[in-house]
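S.K.: After the structure tokens below, expect a handful of questions from me.
The values are calculated or read from the model by the stated rules, or taken from the named source; none is laboratory data. Note that this is a predicted model, so its numbers are computed, not measured. When we count neighbours, we look across all protein chains shown, and the Cβ atoms used for this are built from the backbone with ideal geometry, even at glycine. Keep in mind that these areas ignore ligands, DNA and RNA; they rest on the heavy atoms of the full protein, side chains included. Shrake-Rupley method; radii C 1.70, N 1.55, O 1.52, S 1.80 Å.
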Amino acid sequence: MTLYIAREGSKLWRKVCMETSVELQLLLEKWKLLLAGLIFQYIHGLAARGVHYLHRPGPALQDLGYMVLPELGKERGYISESLFTVIFLSFVLWTFHPFIYHSKRFYTVLLWRRVLAFLVASQVLRIITFYSTQLPGPNYHCREGSELARLPRPESVFEVLLINFPHGVIYGCGDLIFSSHMIFALVFVRTYQKYGSKRFVKLLAWLLAIIQSVLIIASRKHYTVDVVVAWYTVNLVVFFVDKKLPEMPDRTGGSPPVLPLSVKDKDSRAKEENHKLLNGNSGETADWRPQLNGMHVENGNHVHSEAMLNGT
């Protein structure tokens, strides 16, 4: 039993090392785009913090979702955040599963490149929208009488740039249309819908996204319009941006890595391509049949061709 565990552990370690090597090479090539996407997450947080200075509390707007859904209350507001945390962490762990499991449909670096592209495009639209019109926040800390509803003028630029993390992110006001939580949830669900393999998990993911929407409204963290706009905007953004991005290679069929693993592999591939070009064959339509005087020789005509060469 101990020998079996040691052998399987050794296999797992070799697999993790191999995947890490491939992903690091991809990271060295794509790091600029990934870093830009991560930096924009800070810019999005900075924009949300900035609109809080413009927020003016007032009576909550008339909302159909508030009429239908009972209010969870301030003490149960953690429920929606807990569900969002489960969705977020589950997706992050799933994106790294190719390092361990044999079912490898994608490269983690390339997947996160697409995810960040979806997030950035959606967040740009969100920033434009909530700066266009500031609505009175329905959340408990954004209502009239709360000390957090209005922010005093910043004493320095560093106070703005540091965005009072994480307190300023959790207790923000004014960044309503449309929901940032739904942006992340829908981007994650749409990504798993395309690259995931478990049908049950796909159905569960969409169900959790719907439950997340209901809990956000019931917690009075957003108006119903914030959630509704997020549903069709994010789905449209993912649909159109996905068409513009190059499709990721499917690793299910055991396709070779996107990048060569070593200089030796690169040289061997170059020699193989040169050999194909010298034979007049392209890389995609290689023809293995022997040729004679510019004509293909089929198996049935092989004897006849040899007779022609001998002058008979």
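S.K.: For the range 67-85, give me each residue that is open to solvent by 40 Å² or more (accessible area, probe 1.4 Å), in contact (Cβ under 8 Å) with a residue 60 or more places away in the chain and part of a helix (DSSP H, G or I).
M.R.: Passing the criteria: Lys74, Arg76, Ile79.
S.K.: Only one residue in Phe130, Phe106, Phe91 is touching a residue at least 24 places away in the same chain (Cβ under 8 Å), over 30 Å from Ser21 (Cα atoms) and buried (at least 18 other Cβ atoms within 10 Å of the Cβ). Which one? If you could, list the steps in order and put the result at the bottom.
M.R.: Values: Phe106 fails: over 30 Å from Ser21 (Cα atoms); Phe91 fails: over 30 Å from Ser21 (Cα atoms).
Every option except Phe130 fails the conditions.
S.K.: Quick test of your reading of the structure: Ser21 fulfils all but one of (1) open to solvent by less than 100 Å² (accessible area, probe 1.4 Å); (2) at pLDDT 95 or above. Name the failing condition by number.
M.R.: Of everything listed in (1) open to solvent by less than 100 Å² (accessible area, probe 1.4 Å); (2) at pLDDT 95 or above, Ser21 misses just condition (2).
S.K.: Listed residues Arg76, Arg49, Arg7; which is among the basic types (Lys, Arg), within 22 Å of Ile128 (Cα to Cα) and either modelled with pLDDT under 95 or more than 16 Å from the chain's Cα centre (by Cα) (or both)?
M.R.: Details: Arg76 fails: within 22 Å of Ile128 (Cα to Cα); Arg7 fails: within 22 Å of Ile128 (Cα to Cα).
Testing whether each residue is among the basic types (Lys, Arg), within 22 Å of Ile128 (Cα to Cα) and either modelled with pLDDT under 95 or more than 16 Å from the chain's Cα centre (by Cα) (or both) leaves just Arg49.
S.K.: Out of (1) out of contact with any Ser or Thr (no Cβ under 6 Å at 6 or more places or on another chain); (2) part of a loop (DSSP other than H, G, I, E, B), the odd one out for Thr191 is which?
M.R.: It is condition (2) that Thr191 fails.
S.K.: Does Tyr192 satisfy the condition of being farther than 15 Å from Val227 by Cα and either open to solvent by 80 Å² or more (accessible area, probe 1.4 Å) or touching a Pro at 6+ places or on another chain (Cβ under 7 Å) (or both)? Please lay out each step first, then the result.
M.R.: Numbers: farther than 15 Å from Val227 by Cα: yes; either open to solvent by 80 Å² or more (accessible area, probe 1.4 Å) or touching a Pro at 6+ places or on another chain (Cβ under 7 Å) (or both): no.
The answer is no for Tyr192.
S.K.: Go through the range 226-251 and give me each residue that's open to solvent by 70 Å² or more (accessible area, probe 1.4 Å) and either at pLDDT below 90 or under 23 Å from Gly65 (Cβ atoms) (or both).
M.R.: First, pick out the residues of the range 226-251 that are open to solvent by 70 Å² or more (accessible area, probe 1.4 Å): 228, 232, 236, 239-240, 243-244, 246-247, 250.
Within the range 226-251, Val228, Tyr232, Leu236, Pro246, Glu247, Asp250 meet the criteria.
S.K.: May I pose another question? Where in the range 94-171 are there helices (runs of 4 or more DSSP H), lying wholly inside it, with at least 3 residues that are over 16 Å from the mean Cα position of the chain (by Cα) and not β-branched (Val, Ile, Thr)?
M.R.: Fully inside the range 94-171 and qualifying: 108-132, 157-161.
S.K.: Hey, any hits in the range 52-62 for a residue that's farther than 30 Å from Glu19 by Cα, open to solvent by 30 Å² or more (accessible area, probe 1.4 Å) and either free of Cβ contacts under 8 Å to residues at least 40 places away in the same chain or assigned to a helix (DSSP H, G or I) (or both)?
M.R.: Yes, the range 52-62 contains at least one residue that is farther than 30 Å from Glu19 by Cα, open to solvent by 30 Å² or more (accessible area, probe 1.4 Å) and either free of Cβ contacts under 8 Å to residues at least 40 places away in the same chain or assigned to a helix (DSSP H, G or I) (or both).
S.K.: Restricting attention to the range 24-41, and to residues there that are closer than 13 Å to Thr108 by Cβ and out of contact with any Lys or Arg (no Cβ under 7 Å at 6 or more places or on another chain), which single residue is least open to solvent (accessible area, probe 1.4 Å)?
M.R.: Leu26
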